[in-house]
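Worksheet: one structure, shown below.
The values are calculated or read from the model by the stated rules, or taken from the named source; none is laboratory data. Because the structure is a prediction, the values reported are computed rather than measured. Heads up, the Cβs are rebuilt from the backbone with ideal geometry, glycines too, and the neighbour counts pull from every protein chain shown.
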Amino acid sequence: MEKRIILRGVLVGALAGLLAFVFARIFAEPQIQAAIDYESARDEAQAALDKAAGLPVGDEGPEIFTRAIQANVGIGVGIVLFGVAMGALFAVAYAVCLGRVGNLRPRTLSVLVAGGGFLGIYLVPFVKYPANPPSIGHGATIGVRGALYVVMMVCSVAFLVGAVVLGKRLAKRFGNWNATLLAALAFVVVTGVAMALLPSLGQLAANVRDYGPQATETPLPLRNPAGQIVYPGFPADVLWDFRFYSVAAQAIMWAAIGLLFAPLAERLLAPRAERVAAS
Amino acid sequence: MSTIPVTTAVPTPVVLPLPKAMLWLGGTVLLALAMYYFIGIDQGATSVFGDNMYIHEFVHDARHFLGFPCH
Ligand SMILES: [Zn+2]
């Protein structure tokens, strides 16, 4: 049984990833290109400033893949494989939850587990460390940023699992509705504490040293030694669009996983339940 | 499984006996986490296959768009 569940999870994950890729190709790529254009022009402005100041001008690294490959193939492979991985994790969570979280229909459980994946793996980490387009993010902090993102993700998934266990326990005393509300409240409080304790990206030591106290790593306007702005800060509309589409793509992917898996789970599990009912 | 008493109208299907399913479930989780790592994190902070940027550069746009920290 577990093999059949996992196989179906992987298949719907691949399909969900494909949907998210189509969405990304249409909506995200123009924003990514706008961000890269911003970055190139900013680098030129920075190089001009450095040259005027007599500083060595840093050169760009070699281009391994063209933008066309990255924007059409790389993003597709990345998102589809991500969908496969999430479909597999979803299937395992589904298998573990089966029959352990109350009397849920197979398809209801499918949608709930997918919702949990969206929340725990993507949305809650996003609230603290939102997705950023190219040109936002300092090279010196990539190690810390990667670690913080993983810590936030692990916390959020662990708290979500904890909330489900807590809700199950409380259900006997307070009933399903109240137990669910209490468990959700506990999740919000504990997650909020974790978010408050983890540093904002602008507060990282390397960033405070180089840029002063800021909330994030979003590029500020570039100024010449006289303090005049020679190049603007990162365009706010591009940033908002990119983040909105990032959330939308993950919502599409997880919704597809939950909704495509639902009928498969009904067919896989319902006959068995009916047989049990008949015996 | 056929010994489960049916006391509810709502079908509650099989509980997978975890020790038996552990191999497949655990193996799947490990593989999926490895994929998560290679798509999202490898060759940013840490690098498994040497100090190059092939994976990072290839899935670069996906990495940004899926919410992972990047350059
Ligand atoms: Zn990048």
Checked the range A:113-164 for anything more than 14 Å from the ligand (Cβ to nearest atom) and of a type in the set (D, E, K, R); matches are A:LYS128
Within the range B:35-71, track down each residue that is over 22 Å from A:PHE21 (Cα atoms) and within 9 Å of the ligand (Cβ to nearest atom).
-> B:GLY44
Those residues that are at the interface with chain B (Cβ under 8 Å from one of its Cβ atoms) and among the hydrophobic types (A, V, I, L, M, F, W, C), I need them from the range A:149-182; list them, please.
-> A:VAL150
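Yes/no matrix, rows are residues, columns are (1) out of contact with any Leu (no Cβ under 6 Å at 6 or more places or on another chain); (2) of a type in the set (Val, Ile, Thr):
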{"position": "A:ALA140", "(1), (2)": "yes, no"}
{"position": "A:ALA179", "(1), (2)": "no, no"}
{"position": "A:VAL188", "(1), (2)": "yes, yes"}
{"position": "A:LEU204", "(1), (2)": "yes, no"}
{"position": "A:ARG209", "(1), (2)": "yes, no"}
{"position": "A:PRO213", "(1), (2)": "yes, no"}
{"position": "A:ILE229", "(1), (2)": "yes, yes"}
{"position": "A:GLY233", "(1), (2)": "no, no"}
Checklist (1) at the interface with another protein chain (Cβ under 8 Å from one of its Cβ atoms); (2) buried (at least 24 other Cβ atoms within 10 Å of the Cβ); (3) among the β-branched types (Val, Ile, Thr) applied to A:VAL96, failing item | (2)
Conditions (1) assigned to a helix (DSSP H, G or I); (2) more than 29 Å from A:ALA52 (Cα to Cα): number failed by A:ALA215 = (1)
Is it fair to say A:PRO199 is touching a Pro at 6+ places or on another chain (Cβ under 6 Å) and under 20 Å from A:ASN132 (Cα atoms)?
-> no
For the range A:22-127, which helices (runs of 4 or more DSSP H) that fit wholly inside it have 1 or more residues that are among the polar types (S, T, N, Q)?
-> A:29-52, A:106-117
Index of the failed condition, A:LEU197 passing every other in (1) among the hydrophobic types (A, V, I, L, M, F, W, C); (2) modelled with pLDDT under 95; (3) surrounded by fewer than 17 Cβ atoms within 10 Å (Cβ to Cβ) = (2)
How about the range A:1-51: which of its residues are under 30 Å from A:ILE229 (Cβ atoms) and β-branched (Val, Ile, Thr)?
-> A:ILE32, A:ILE36
Does A:VAL151 fit the bill of being touching a residue at least 12 places away in the same chain (Cβ under 8 Å), under 11 Å from the mean Cα position of the chain (by Cα) and surrounded by fewer than 17 Cβ atoms within 10 Å (Cβ to Cβ)?
-> no
Filter result for the condition that a residue is more than 8 Å from chain B (Cβ to nearest Cβ), without any contact (Cβ under 8 Å) to a residue 40 or more places away in the chain and among the β-branched types (Val, Ile, Thr), over A:ILE69, A:ILE64, A:ILE26, A:ILE36 | A:ILE26
How many residues are at the interface with chain A (Cβ under 7 Å from one of its Cβ atoms) and either modelled with pLDDT of 75 or more or closer than 28 Å to A:LYS3 by Cα (or both) if we restrict to the range B:32-53?
-> 6
In the range A:62-107, what residues are at pLDDT below 95 and of a type in the set (Ser, Thr, Tyr)?
-> A:THR66
Can you pull out the residues in the range B:54-68 that are touching a Cys at 6+ places or on another chain (Cβ under 7 Å) and either more than 8 Å from every other protein chain (Cβ to nearest Cβ) or over 29 Å from A:PHE244 (Cβ atoms) (or both)?
-> none
Among (1) away from the ligand (no atom under 16 Å from the Cβ); (2) closer than 28 Å to A:TRP240 by Cβ; (3) buried (at least 19 other Cβ atoms within 10 Å of the Cβ), A:GLY78 falls short only on (1)
Check whether at least one residue in the range A:221-242 is in a helix (DSSP H, G or I), within 27 Å of A:ALA34 (Cβ to Cβ) and among the acidic types (Asp, Glu), and report yes or no.
-> yes
